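*Asks:* One structure, as C-alpha cells, below. Some questions next.
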C-alpha cells in the first residue's frame with residue numbers, strides 16, 4: 001500500500017499543488033532510496049531540461065541533503081552563491097536555470113522519507129507564504145505515507161493461520177484490522193489510494209452474499225468497530241465523530257438489518273457478508 005510507486009505519486013501530486021498554491025515555476029522531489037544515504041530525484045514539475053532527473057542527493061550535501069540531515073526545511077535566495085550549503089550539485093542546478101530554491105523534508109515516524117523542492121529562475125528571497133505552502137505539501141505526503149504504512153502493517157497482521165478462519169483469536173484480529181482499515185480510509189486525500197484501501201477491506205468480506213442489504217459507509221464503519229467489541233465512546237474516538245452520531249448510525253444499521261440489539265446487528269451483518 002505504501003509502495004514506492006504510491007509514494008512517488010503522492011510526491012508528484014504534492015508538487016503540482018505546490019506550484020498552483022505559490023506560482024513557483026519549478027518543483028521537483030524524490031524519495032530516500034532504501035538502504036542508501038541519499039535522495040533520488042524522480043519527480044519533476046515545470047522543468048525544461050532533464051538535468052535534475054535521477055540526481056542522487058547525498059544526506060548532508062547541497063540544499064536538499066542539508067534538509068535531510070537536519071530534518072527541517074531550508075531555503076536559499078541564490079543557490080550558486082549561497083554559503084549555507086555545499087555545492088556538489090551546482091552544475092545540474094545551473095543547467096536547469098534555477099536560482100532561489102527551497103527544500104522541505106518529508107518526515108514519517110521521525111525518519112526522512114523524501115524531499116520536496118520548489119524553485120524560482122531568479123535570485124530573490126522566498127517568502128514565508130511560499131515556505132508555508134511547501135511545508136503543507138510535505139505534510140500531505142507524510143499523512144499519505146503514514147496511512148499507507150499503517151494499512152500495510154495491518155494487512156500483514158490479518159492473515160490467520162490455516163484452518164482458523166471464522167474462529168479464535170486470529171479471526172478476531174482480522175475483524176479488528178478490518179475496522180481499523182475502514183477508519184483509516186477517510187483520512188486519505190488521494191481518491192485512488194482511498195479506493196484501493198477500501199477495496200482491500202472488501203477482500204476481507206463476502207458482500208456477494210448480502211442479499212440486498214446495503215449499509216452506508218459510515219454505518220459499516222461503526223458496525224465494524226462494534227463487532228470488534230468497542231463501546232460507542234471508543235467508536236466515536238476512533239472515527240472522529242460524536243457519540244450521539246455513533247448511536248444514530250448504529251440505529252440506522254440495526255433497522256436495515258432487522259436487528260433489535262447490537263449483537264444481532266453484528267450477526268446479521270456477518271451473515272450478509274458485510275463484515276468478516
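*Asks:* Select, from 99, 124, the only residue that is closer than 19 Å to residue 49 by Cβ and either in a loop (DSSP other than H, G, I, E, B) or in the same structural domain as residue 57 (by TED's automatic domain parsing) (or both).
*Replies:* Testing whether each residue is closer than 19 Å to residue 49 by Cβ and either in a loop (DSSP other than H, G, I, E, B) or in the same structural domain as residue 57 (by TED's automatic domain parsing) (or both) leaves just 99.
*Asks:* Please go through segment 18-39 and give me each residue that is surrounded by fewer than 17 Cβ atoms within 10 Å (Cβ to Cβ) and more than 23 Å from residue 127 (Cα to Cα), ordered by number.
*Replies:* Passing the criteria: 33, 34, 35, 36, 37.
*Asks:* A follow-up question, please. If the requirement is being more than 27 Å from the chain's Cα centre (by Cα) and surrounded by fewer than 18 Cβ atoms within 10 Å (Cβ to Cβ), which of these qualifies: 264, 237?
*Replies:* 264
*Asks:* Count, please, the residues in segment 51-89 that happen to be exposed (fewer than 15 other Cβ atoms within 10 Å of the Cβ), free of Cβ contacts under 8 Å to residues at least 40 places away in the same chain and part of a helix (DSSP H, G or I).
*Replies:* Result for segment 51-89: 2.
The values are calculated or read from the model by the stated rules, or taken from the named source; none is laboratory data. Given the structure is predicted, the values throughout are model-derived calculations rather than measurements. Backbone-built Cβ (ideal geometry, glycine too); neighbour counts: all protein chains shown.
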